[in-house]
Amino acid sequence: MPGPGHLCDGTCVTIRDRIDGSLAALMPLSVADAAAWTRWLNDISTTRYLYGRRERPSGPVTMREMLTWGRRMLADPIRLAVGIEDLSSGQVVGNARLVPVFGGRSRFSIVIGEAESRGRGLGTEATRMLCRYGFDQMGIREIILDVDPRNEPAVRAYRSAGFVPSRGWTMRLPAAAAPPLRDAARAAQG
């Protein structure tokens, strides 16, 4: 794994060790969670804002598609994909990704698939932890994301994690503006 100040050299496909916060843990992405991914992506309450301006899939997402997606994420030398565990239950409740785009920037995306895990600060804490990891371990200078402005809980969570509006549906987080990790739990809960 490249050290601080070095962009991912192609080996950063998932984290090697789990990273614990106070509410959530980032853990290596595992295709063993494909059944949960399939369930999440076939749940309208999970996907209502997920596709944004992209077209929704024409039919239900299959387990085979999710296994293929997971294997592709793990084999992709560019993307960093992680699972998100709820520390109170030990259950994998979502996943997140950082995808380098250009000029020291990466695109962030996250899904909290388990409905009972939303609104509790897990996504905010996971966002903060993964962004901090990207800045400190991958040498990323800025993280961007797209969010449907009607998804008010997500917009609030991203703002709490330090993101600011940019253009259209885009929000950005420069490395210098990212809150320190020690404040992640307090900010995620407040």
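So the values come out like this:
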item: The listed residue being under 21 Å from Leu23 (Cα atoms) and either in a strand (DSSP E or B) or out of contact with any Phe, Trp or Tyr (no Cβ under 6 Å at 6 or more places or on another chain) (or both), out of Gly168, Gly162; result: Gly162
item: In the stretch 96-121, the residues that are more than 22 Å from Met73 (Cα to Cα), touching a residue at least 60 places away in the same chain (Cβ under 8 Å) and in contact with a helix residue (DSSP H, G or I) (Cβ under 8 Å, 6 or more places away or on another chain); result: Ala115, Gly121
item: Positions within the stretch 126-155 being assigned to a helix (DSSP H, G or I) and more than 26 Å from Asn42 (Cβ to Cβ), in sequence order; result: Arg128, Met129, Cys131, Arg132, Tyr133, Gly134, Phe135, Asp136, Gln137, Met138
item: Total residues in the stretch 147-161, condition touching a residue at least 24 places away in the same chain (Cβ under 8 Å) and over 18 Å from Ala178 (Cα atoms); result: 5
item: Residue within the stretch 48-66 that is surrounded by 15 or more Cβ atoms within 10 Å (Cβ to Cβ), modelled with pLDDT of 85 or more, under 16 Å from the mean Cα position of the chain (by Cα) and within 30 Å of Ala175 (Cβ to Cβ) present; result: no
item: Residue list for the stretch 111-162, restricted to those being in contact with a Ser or Thr (Cβ under 6 Å, 6 or more places away or on another chain), under 22 Å from Asp86 (Cβ atoms) and not small (Gly, Ala, Ser); result: Thr124
item: Members of the stretch 89-142 that are in contact with a Pro (Cβ under 9 Å, 6 or more places away or on another chain) and among the hydroxyl-bearing types (Ser, Thr, Tyr); result: Ser106
item: Those residues of the stretch 33-44 which are of a type in the set (A, V, I, L, M) and closer than 17 Å to Ala96 by Cβ, in sequence order; result: Ala34, Ala36, Leu41
item: In the stretch 71-111, residue surrounded by the most Cβ atoms within 10 Å (Cβ to Cβ) [restricted to those that are at pLDDT 95 or above and acidic (Asp, Glu)]; result: Glu85
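The values are calculated or read from the model by the stated rules, or taken from the named source; none is laboratory data. Predicted model only: the values in this text are computed from it and were never measured. Glycine gets a Cβ as well: all are built from the backbone with ideal geometry, and neighbour counts include every protein chain shown.
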